Amino acid sequence: MELKKLNDRIFYYPHQQETDRPMLVYLKGEKIMMAVDAGNSADHVDEFYSALESKGLKKPDFTVITHWHWDHTFGMHHIHGLSIAHNRTNEFLDIERAKLSDNEYVQFLKKDDECLNREYGDNKKIVVVRSDIQFEKELTINLGGVTARIFHAESPHSEDTVLIYVPEEKILFLGDSTSEDFFNDSYMDRDKLDKLINLIESTDCKYCILGHAEPLTKERLLYYLKSL
């Protein structure tokens, strides 16, 4: 798997379906390097960093988490620099960490989720940590030449959904926000989806980046979402 280049500022390490690894994104600022999501394991993080090194890119100074689900957060303990997450994300991670202290729960997860079982076979330890920095509504970081506007948004996928907008590059990072709620019998809340669609429409972006798909144009994503 190789790192792909969207433009001179933005690179991404593609998603991997067999172990439910989401896309990991890299924003190259003049002063600060930022990643989007921490991957689902230490191995995932190591692969990402090796891909960055092969392109002569530094490890990220910050890693922003889009939501608490295991495939986006179980690599947090292994990242370089500091992690940033919504306060609700940390609350969910605290609950998950407490559950994981019970080995029966760990075995249940592995039986219930084939992807997690593949990633954590051979008795690999699952490590869950809180973020280093948390916020409630919005956080803006000047990376040098580009700005990352990090904000909480309502979505059908998870209560702690965080989006990242880079106005200079006209790119909106959406994580898994457009998907149904897998922890609620895969329920799709149409009202929340409509609100998210309105947010995307009102955002001056050219590309929309999802966690488990190749980058899409804004028009193509909206066409798909409105057809659901």
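Bear in mind that the values in this text are calculations on the coordinates, not laboratory data. None of these values were measured; they are calculated from a predicted model. Glycine gets a Cβ as well: all are built from the backbone with ideal geometry, and neighbour counts include every protein chain shown.
Things to note:
- Counted residues, the range 192-213 - those being loosely packed, with under 12 Cβ neighbours inside 10 Å and in contact (Cβ under 8 Å) with a residue 24 or more places away in the chain: 1
- When residues of the range 20-62 are limited to those that are of a type in the set (D, E, K, R) and within 14 Å of the chain's Cα centre (by Cα), the one surrounded by the most Cβ atoms within 10 Å (Cβ to Cβ): Asp37
- Odd one out for Leu193 among (1) more than 21 Å from Leu27 (Cβ to Cβ); (2) in contact with a His (Cβ under 8 Å, 6 or more places away or on another chain): (2)
- Residue that is surrounded by the most Cβ atoms within 10 Å (Cβ to Cβ) [pool: residues in the range 151-174 that are touching a helix residue (DSSP H, G or I) at 6+ places or on another chain (Cβ under 7 Å) and of a type in the set (Gly, Ala, Ser)]: Ser155
- Within the range 131-147, considering residues that are under 13 Å from Tyr165 (Cα atoms) and in contact (Cβ under 8 Å) with a residue 24 or more places away in the chain, the one surrounded by the fewest Cβ atoms within 10 Å (Cβ to Cβ): Asn142
- Residue match in the range 81-98 (condition: touching a Lys or Arg at 6+ places or on another chain (Cβ under 6 Å), charged (D, E, K, R) and either outside any loop (DSSP other than H, G, I, E, B) or without any contact (Cβ under 8 Å) to a residue 12 or more places away in the chain (or both)): no
- Residue check for Gly56: at positive phi and touching a strand residue (DSSP E or B) at 6+ places or on another chain (Cβ under 8 Å): no
- The number of residues in the range 1-37 that are of a type in the set (D, E, K, R), in contact with a Gly (Cβ under 8 Å, 6 or more places away or on another chain) and assigned to a loop (DSSP other than H, G, I, E, B) comes to 4.
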